[in-house]
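*Asks:* This structure is in structure tokens; I'll ask about it shortly.
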Amino acid sequence: MSLTVTPVSGEALRSALPDLARLRTEVFREFPYLYSGTPAYEERYLQTYLEAPGALVVLVRDGSEVVGASTALPLAAETEALQRPFRGSELDPGEVLYLGESVLRAAYRGRGLGHRFFDEREAHARRLGLSVTAFCAVQRPANHPARPADYRPLNAFWEGRGYVERPDLETTLSWPDVGETQETPKPMRFWVKRLD
């Protein structure tokens, strides 16, 4: 396998959008997201990363095939639902790089690419002069019927990267779960890291 990891932004991302949209739809069907999305919706969503100043997508390719990706965007350019928890906290939304989703096909996991995603996005935050990185994770009950028996949460990995779980910083996002036709609200909790 010939893996390449490339940070891209703006128009450099355009040619990868169809492959990235399909990958996101595929990987997000897995627990804990259980997202019943479509590539067409994902392509529309990803337009933000073409247009927003300071946006970044880290692409992993095996040859020419996109097999992984991780996104980042200044929180000030994100939705109200993602900015709201930071207002009134000690964290200024204008100082935060929001680390969006990371997706990686199962066959490529366990090779250090998760660390590479964080390295690239944290370096990007520093280049932008932002002092905090943060992401949010969906909160699913431990007894969720779709939870695989071998599922391992990523909490220990995130803690090892220096992120702190913040139960005081929560929001709600909605999407249709696999097997559903309507969007339902999902509780999301932020994890935060102050950069050196």
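*Asks:* Running a GNM on the chain with Cα contacts under 10 Å, which residue among 103, 57, 178 ends up with the highest mean-square fluctuation?
*Replies:* 178
*Asks:* To continue, here is another question. Label residue 78 and residue 5 with points 7 Å out from Cα along Cα→Cβ: what is the distance between them in nm?
*Replies:* The answer from the label model is 2.1 nm.
*Asks:* Another question, then. Explain nothing, just compute: Karplus ³J(HN,Hα) = 6.51 cos²θ - 1.76 cosθ + 1.60, θ = phi - 60°, for every residue of the range 142-153 in order, whole Hz, x for Gly and Pro.
*Replies:* So the Karplus estimates, Gly and Pro as x, are 4, 9, 4, x, 8, 5, x, 4, 9, 5, 10, x Hz.
*Asks:* List the relative contact order of the range 40-120 as a percent without decimals, with contacts defined as Cα pairs under 8 Å and 6+ residues apart.
*Replies:* 26 percent
*Asks:* Under 8 Å for C-alpha pairs, at least 6 residues apart: give me the relative contact order for the chain, rounded to a whole percent.
*Replies:* 21 percent
*Asks:* A further question on this structure: For the chain, what is the accessible area per residue in Å², given a 1.4 Å probe and the full set of protein chains?
*Replies:* Counting only protein heavy atoms, the per-residue value for the chain is 49 Å².
*Asks:* Most fluctuating residue of 131, 174, 36 in a GNM of the chain with Cα springs under 10 Å: which is it?
*Replies:* Per the Cα network of the chain with a 10 Å cutoff, 174 tops the list.
*Asks:* Sticking with this one: Mind checking which of 28, 157, 117 has the largest fluctuation in a GNM of the chain, springs on alpha carbons under 10 Å?
*Replies:* 157
*Asks:* Whole-Hz ³J(HN,Hα) for each residue in the range 189-195, computed from phi via Karplus 6.51 cos²θ - 1.76 cosθ + 1.60 with θ = phi - 60°, x for glycine and proline: what do you get?
*Replies:* 10, 7, 10, 10, 9, 8, 7
*Asks:* Non-local amide H neighbours of residue 30 (under 5 Å, H modeled in plane, Pro and chain starts lacking H): which ones?
*Replies:* Hits under the 5 Å cutoff: 35.
*Asks:* Please list the helices of the chain that count as membrane-span-like by this rule: a mean Kyte-Doolittle hydropathy of at least 0.5 together with Cα atoms stretching 24 Å or more along the helix axis, each helix being a complete DSSP H run.
*Replies:* Qualifying helices: none.
*Asks:* Any idea which of 86, 63, 10 is furthest toward the positive side of the dipole for the chain, if Lys and Arg beta-carbons carry +1 and Asp and Glu beta-carbons -1?
*Replies:* Of 86, 63, 10, it is 63.
*Asks:* Could you size up the charge dipole of the range 133-180 around its Cα centre, putting +1 on the beta carbon of Lys and Arg and -1 on that of Asp and Glu, and report it in debye to the nearest 20?
*Replies:* About 140 debye.
*Asks:* Calculate for the chain the 222 nm mean residue ellipticity that helices alone would give, adding -39,500 (n - 2.57) per DSSP H run of length 4 or more and normalising by residue count, nearest 500 deg cm²/dmol.
*Replies:* -7500 deg cm²/dmol
*Asks:* Taking amide hydrogens as modeled 1.01 Å from N in the peptide plane, which residues meet the under 5 Å criterion relative to residue 97, leaving out close sequence neighbours?
*Replies:* 75, 132, 133, 134
*Asks:* (1) 39; (2) 29; (3) 26: which one is percent of Cα pairs over 27 Å apart as calculated from this entry?
*Replies:* Structure-derived value, by its label: (3).
*Asks:* Let me ask something else. For the chain, what is the charge dipole size about the Cα centre, in debye to the nearest 20, if Lys and Arg each add +1 at the Cβ and Asp and Glu each add -1 at the Cβ?
*Replies:* 380 debye
*Asks:* Could I ask something else about it? Between residue 164 and residue 90, how many nm apart are label points set 7 Å from Cα along the C-beta direction?
*Replies:* Between residue 164 and residue 90, the label points sit 0.6 nm apart.
*Asks:* Assuming 0.36 nm per residue, please report the length gained on full extension of the stretch residue 128 to residue 195 beyond their Cα-Cα distance.
*Replies:* 22.9 nm
The values are calculated or read from the model by the stated rules, or taken from the named source; none is laboratory data. Keep in mind it's a predicted model, so treat the numbers as computed, not measured. Cβ coordinates were reconstructed from backbone atoms using ideal geometry, including for glycine residues, and neighbour counts include every protein chain displayed. Just so you know, the surface numbers come from the protein's heavy atoms only, side chains and all, with ligands and any DNA or RNA stripped out. Shrake-Rupley method; radii C 1.70, N 1.55, O 1.52, S 1.80 Å.
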